[in-house]
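Q: After the C-alpha cells below, expect a handful of questions from me.
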Amino acid sequence: MRVAETRAVNRALRKAYGIGLCSVEELGYLSSPRQPATWKRTASPNSNGDGSGNDQPRLRDRLCLLIRQHQLDPTLVKLYAADFCGTQELREAGRDLVESFISHLAEWAARDRAGLLCKLNSFAPSQEVHS
C-alpha cells in the first residue's frame, strides 16, 4: 500500500510539473527476471513496430534510461544522435539507425564516460564573449 501511494504521489507531481520521465521502478521491464540481458528486436503479436510491445521497451525509454543512468545532457545527446544518424532532426532517422545509436551510446558511456562527455560538449552551442 505504501509503494502504491508513493507511486501515485510521484505520478501526480510529474503531471503537475509537466515532467515527461518516470522513475526506473515504474518502467516495469527492468524488474522482470524473464527479460533478456540484451535488447533484441523480436516479433510479437502485440508489437506495433515501435518497440512498445510486451517483449521490449520502446527506443525512447531506452534512451531516456541511458541519459539518466549516465547523467548526460538530453539536448546534447539529441544533437549527437541526429549527427550520428546523418539527419537534421532525430525524428527523421530510421529505427535501425536509432537502435545502433543507442547501442553505441551505451557502450561508449560504459567504457569511457569522460570521452563521451567531451564528444557531447562539442555539440553545445558556442557562446560568444561580449565585451
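The values are calculated or read from the model by the stated rules, or taken from the named source; none is laboratory data. Computed from a prediction, not measured in an experiment: that's the story for all the values here. Cβ sites come from the backbone with ideal geometry, for glycine too, and all protein chains shown count toward neighbours. Side chains are part of the model used for accessible areas, which takes the heavy atoms of the whole protein and leaves out ligands, DNA and RNA. Shrake-Rupley method; radii C 1.70, N 1.55, O 1.52, S 1.80 Å.
Q: Take the Cα atoms of segment 76-121, build their convex hull, and give its volume per residue in Å³.
A: So the per-residue Cα hull volume is 54 Å³.
Q: What spacing in nm lies between the two simple spin-label points modelled at residue 118 and residue 103, each 7 Å away from Cα in the Cβ direction?
A: Result for the modelled spin labels: 2.6 nm.
Q: Next up: Using a 1.4 angstrom probe, figure out how much accessible area segment 65-121 has per residue, in square angstrom, rounded to the nearest whole.
A: Here the per-residue accessible area is 58 Å².
Q: What is the spin-label model distance, in nm, from residue 92 to residue 21 if the labels are put 7 Å beyond Cα along the C-beta direction?
A: 2.7
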